[in-house]
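These notes are about the structure you will find just below.
Just so it is clear, none of the values below were taken in a lab; they were calculated from the coordinates. It should be emphasised that the depicted structure is a prediction, and the values quoted were computed from it without experimental measurement.
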Amino acid sequence: MGLDGETLQYFIEDSLDNMRGIEKKILALEAWGGDYIDDELVNDVLRVVHSIERGANSMELKNIKELANWMGNILNLIHNKNMAPNPYVISVLSDSADVLNGLIKNADSSSEADISEILEKLKSTAKIAKKPRVIVADDQNFFRTMIKKMLISMDCEVVGEATNGDEAVELFLKEAPDLLLLDIHMPGKNGDKALEEIIESSPDARVIILTSIGDSAIVAKCLKLGALNYILKGTTRENMKIMIERSLRKILE
């Protein structure tokens, strides 16, 4: 093995060693959420991608260099509090780490690999740099408060609360949120009627229905109208959080 081959092999071994545990650290960033971010954790991941970027640059491994550079851009946005480590951002970083790991393992042919899809995800993510905006519509104050606290812990911005269907329609049309959590049973105009008006005015509206056991017919109607999904109000908070996170990932993709 010549000098270039030895240098490449050292880069591969050193980079793979640095990459061990990086996905765990990326996923840990989401756990902090809210306004506080563990700077040390972000810096740990940044050091790894910057080191890989510098090594790739010196050996003209263009794909590894570019992917590490864009991962660094997203991490810098998080570090500078210009981007929240919400579920979608973390999933993009995690996917990028997987691709980067694969490129490093096959560094000698990495520049021929097609990484356009993951690069596009990183570039579009960099343009978002904002918290998902959500409205909560439910007539029960304790339930709205619980959902609001959950959304804030997920680094969402709650831009409005409604206690009936008419308020929900008015708020949605005024704020144009990324997501509306809409209870079916409310005073005056019920959730299904409110959803009809919202979809008629905004066909691309993203709505999750909040419902109780026994509302299957109304839920089916709402899903047919265009609701993304439904959440049973009697389910655990953890299940609610998982379902909201899944919907947000689809919305922000």
- Message: If the elastic network links every pair of Cα atoms under 10 Å, which of 205, 168, 220 fluctuates the most in the Gaussian network model of the chain?
- Response: 220
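Between residue 246 and residue 112, 0.36 nm times their residue separation minus their Cα-Cα distance comes to what? Could you put the intermediate results ahead of the total?
On the way: separation 134, 0.36 × 134 = 48.24 nm, distance 3.34 nm.
The span from residue 246 to residue 112 would gain 44.9 nm if fully extended.
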- Item | Mean Cα-pair separation over length for the range 133-252, i.e. relative contact order, pairs under 8 Å, 6 or more apart, % | 21
- Report the full-extension gain for the segment residue 199 to residue 81: residue separation times 0.36 nm, less the Cα-Cα distance, to one decimal in nm. 39.1 nm
- What number in nm² do you get for the range 72-195 if you take the convex hull of its Cα atoms and divide its surface by four? 9.5
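Cα-based Rg of the chain per 2.2 N^0.38 Å, rounded to two decimals? Intermediate results must be reported in sequence, preceding the final value.
Working: Rg = 22.2 Å, N = 253, 2.2 N^0.38 = 18.0 Å.
Ratio of Rg to 2.2 N^0.38 Å for the chain: 1.23.
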- Which residue, 236, 125, 211, tops the fluctuation ranking in a GNM of the chain built on C-alpha contacts under 10 Å? 236
- Task: Provide Rg and Dmax in Å for the range 133-252, with only Cα atoms included in the calculation.
- Result: 12.6, 33
